[in-house]
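S.K.: The structure is given below, and queries will be raised subsequently.
The values are calculated or read from the model by the stated rules, or taken from the named source; none is laboratory data. Source: prediction; values computed, not measured. Here the Cβ positions follow ideal geometry from the backbone for every residue, glycine too, while neighbour counts run over all protein chains shown. Each accessible area value is taken on the protein alone, full model and side chains, heavy atoms only, with ligands, DNA and RNA left out. Shrake-Rupley method; radii C 1.70, N 1.55, O 1.52, S 1.80 Å.
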Amino acid sequence: PCYVLKASCTATVGIVAAVTGFLAERGALITEMSHFVDDEARKSFIRVEFEDDAGDAAALAGLAEQYRETVARRFGMRYEFHPAGAKMRALIAVSRQSHCINALLHHWWDGHLPIEITGVVSNHDDQRDLAEWYGLPYHHLPIEPGKKPQQEARILALFEETGSELLVLARYMQVLTPHACETLAGRAINIHHSFLPGFKGARPYYQAYDRGVKLIGATAHYITTDLDEGPIIEQDTVHVTHRDDVARLTSRGRDLETIVLARAVRAHLEHRVIVHGHKTVVFS
């Protein structure tokens, strides 16, 4: 079986040697390894994929315990072990726009994402046909006036009931409360446009067109209580010109959003992301 180790600690001499030595002593075969040192923060980050005889959950727990005693304790290390390639259970939230959820479901259907979709939840009924075409349960949870906290509580309950490990906000156009952000910290990914210069509020593509921007982009990040300012996982941009009207800008922006969100979700599913304060280390 193949596993992933993610770890971080204060940067010092001997970390890589200790990790690789531990795996070598077990006869584990390292198949991929990345190491990064943040000089300013004096933090070391490491990700290792390896093959090992630990064949079940109990054996993997024993491996983690042995690692804690021989390596992690020595370096004051935070670490996680995960089965590589295991499908992560994910709930998708969407509002009216279909481009991001459509792309995710296509990648999932074709087997291009190691993901098990537990269902689709929405405050609108627009994407029911799409979800049900893929054979997925669709949960329509409209927001009644003055009852947004109750609706959000139902989403959190659904997340737990379905055993979901990740919430993907595929253009879910609602701001989550601080309680939801804290409950789902490191387990919820959002996507939005990120123009340079940035435009907030309604009709961002109209604002961009009015300013004659030459670059538009998209950002995928973990949600926090700071709206659209959580740790960034993935970003990309595309050049535009004066020939791109509002409709064209909108179309190109949505295409970019689907690509960026899929990349961010994949990085999370493959355990390539380590949150570091208000930013991330993402091992490609």
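S.K.: Scan the helices (runs of 4 or more DSSP H) fully inside the range 125-217 and keep the ones with 2 or more residues being open to solvent by 60 Å² or more (accessible area, probe 1.4 Å) and within 25 Å of His278 (Cα to Cα).
M.R.: 178-183
S.K.: Next up: So, of the residues in the range 111-124 that are within 16 Å of Thr258 (Cβ to Cβ) and either modelled with pLDDT under 95 or among the small types (Gly, Ala, Ser) (or both), which turns out to be surrounded by the fewest Cβ atoms within 10 Å (Cβ to Cβ)?
M.R.: The residue in question is His112.
S.K.: Continuing with this model, one more query. Any idea which of Thr219, Thr225, Thr280, Thr258 is hydroxyl-bearing (Ser, Thr, Tyr) and over 16 Å from the mean Cα position of the chain (by Cα)?
M.R.: Only one candidate passes the filter, namely Thr225.
S.K.: Still on this structure, I have one more. So the check is Cβ under 7 Å with 6+ separation or different chains; which pairs have a first residue in the range 13-29 that's within 17 Å of Leu60 (Cβ to Cβ) and a second one that's open to solvent by 20 Å² or more (accessible area, probe 1.4 Å)?
M.R.: Phe22/Thr70; Leu23/Ile30; Ala28/Glu51; Leu29/Glu51
S.K.: Among the candidates Ser164, Ser122, which residue alone is among the hydroxyl-bearing types (Ser, Thr, Tyr), at negative phi and over 17 Å from the mean Cα position of the chain (by Cα)? Break it down into steps so the answer makes sense when it comes.
M.R.: Working: Ser164 fails: over 17 Å from the mean Cα position of the chain (by Cα).
The conditions single out Ser122.
S.K.: Something else now. For the range 3-100, which fully contained strands (runs of 3 or more DSSP E) count at least 3 residues that are under 26 Å from Phe159 (Cα atoms) and open to solvent by less than 20 Å² (accessible area, probe 1.4 Å)?
M.R.: Passing ranges, in order: 88-94.
S.K.: So, one more: Going through Ile143, Ile101, Ile117 one at a time, which residue ends up being touching a residue at least 60 places away in the same chain (Cβ under 8 Å) and in contact with a helix residue (DSSP H, G or I) (Cβ under 9 Å, 6 or more places away or on another chain)?
M.R.: Ile101
S.K.: Quick one: what pairs do we get from the range 55-79, first residue closer than 19 Å to Lys43 by Cβ, second aromatic (Phe, Trp, Tyr), C-beta under 6 Å, 6+ apart or different chains?
M.R.: Val71/Phe22; Ala72/Tyr79
S.K.: Mind listing whichever residues of the range 225-255 are within 30 Å of His179 (Cα to Cα) and not acidic (Asp, Glu)?
M.R.: Once the filter is applied, which keeps residues that are within 30 Å of His179 (Cα to Cα) and not acidic (Asp, Glu), the range 225-255 yields Thr225, Leu227, Gly230, Pro231, Ile232, Ile233, Gln235, Arg254.
S.K.: Continuing with this model, one more query. Take the conditions at pLDDT 95 or above and closer than 16 Å to Val16 by Cα and apply them to Arg68. Does it pass?
M.R.: yes
S.K.: Can you find a residue that is closer than 29 Å to Gln151 by Cα and either free of Cβ contacts under 8 Å to residues at least 12 places away in the same chain or in a helix (DSSP H, G or I) (or both) anywhere in the range 248-256?
M.R.: yes
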